[in-house]
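Accompanying notes for the structure given below.
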Amino acid sequence: MKAYQFADLAKDLELKDLPVPEPGPEKVLTAVEAAGLCHTDLHIAKGHGDAWIKEEPMTLGHEVAGVVAKPGAGVSGIRVGTKRSLRRLCSRLGRRIGPRAIGMGYGGGYAEYALAYLECFVPTPDGVSFA
């Protein structure tokens, strides 16, 4: 799959070929249809949010909408092909930025596919476009 990754301040986001990730327990693979550019991503790219991301290189993008492609083991209550939006603030522990934050704790939506924890999904109503 194609993905834009942030590696360091000396480079712009780089377009890379990466394997499509496999969803593990509690995660769902999403075919990305839209990903917003957030001011947080700009902070990271300018070097002001380095502590916010877990590792480098990182596929940024935490404002994501797409279609469920594949649920991980033990995931129920979500069907392949349904429209969903993802929210970054998705920790059961109430942490704003942490290991469960898409595009910061793990790869985000500036890619053809993205993984997210089931708890991060929000239904997208019929008639609402991905954009």
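The numbers here are math on the coordinates, done by the rules we state, and not lab data. All values derive from a computational prediction rather than experimental measurement. Virtual Cβ from ideal backbone geometry, glycine too; neighbours counted across all protein chains shown.
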How large is the helix-only mean residue ellipticity at 222 nm for the chain, computed as the sum of -39500 (n - 2.57) over DSSP H runs with n ≥ 4, divided by its residue count, in deg cm²/dmol to the nearest 500? -1500 deg cm²/dmol
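For L15, what charge total do you get from the other residues with a beta carbon under 15 Å from its beta carbon, if Lys and Arg give +1 and Asp and Glu give -1? Mind showing how you got there, number by number?
Details: positive: K2, K11, K16; negative: D12, E14, D17, E112.
Net of charged neighbours comes to -1.
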Using a 7 Å offset from the Cα along the Cα-to-Cβ direction at both E119 and L37, what is the distance between the two label points in nm, to one decimal? 3.2
What are the lysines whose alpha-carbon lies under 20 Å from the alpha-carbon of K11, with same-chain residues fewer than 8 places away excluded? K2, K46, K54
Efficiency by 1/(1 + (r/R0)^6): what FRET value for M1 and H48, r their Cβ-Cβ distance, R0 = 35 Å, to the nearest 0.05? 0.80
To the nearest 0.05, what FRET efficiency results for L9 and E112 with a Förster distance of 25 Å applied to their C-beta separation? 0.45
Amide H neighbours of A34 under 5 Å, at least 5 residues apart or on other chains, H built in the peptide plane: list them. A65
Just from the alpha-carbon atoms, what are the Rg and Dmax of the chain in angstroms? 14.0, 43
Note, segment 23-39: 3J(HN,Hα) by Karplus (6.51, -1.76, 1.60, θ = phi - 60°), whole Hz, Gly/Pro = x, goes x, x, x, 6, 10, 10, 7, 10, 7, 6, 10, 7, 9, x, 8, 9, 4
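Compare the peptides 64-76, 116-128 by average per-residue count of other Cβ atoms within 10 angstrom and give them in order, highest first.
Peptide ranking by packing, descending: 64-76, 116-128.
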Spin-label point model (7 Å from Cα, Cβ direction): what's the E56 to D17 distance in nm? 2.6
Taking the Cβ of P123 as the center, what net charge do the other residues with Cβ under 10 Å away carry, scoring Lys and Arg +1 and Asp and Glu -1? +1
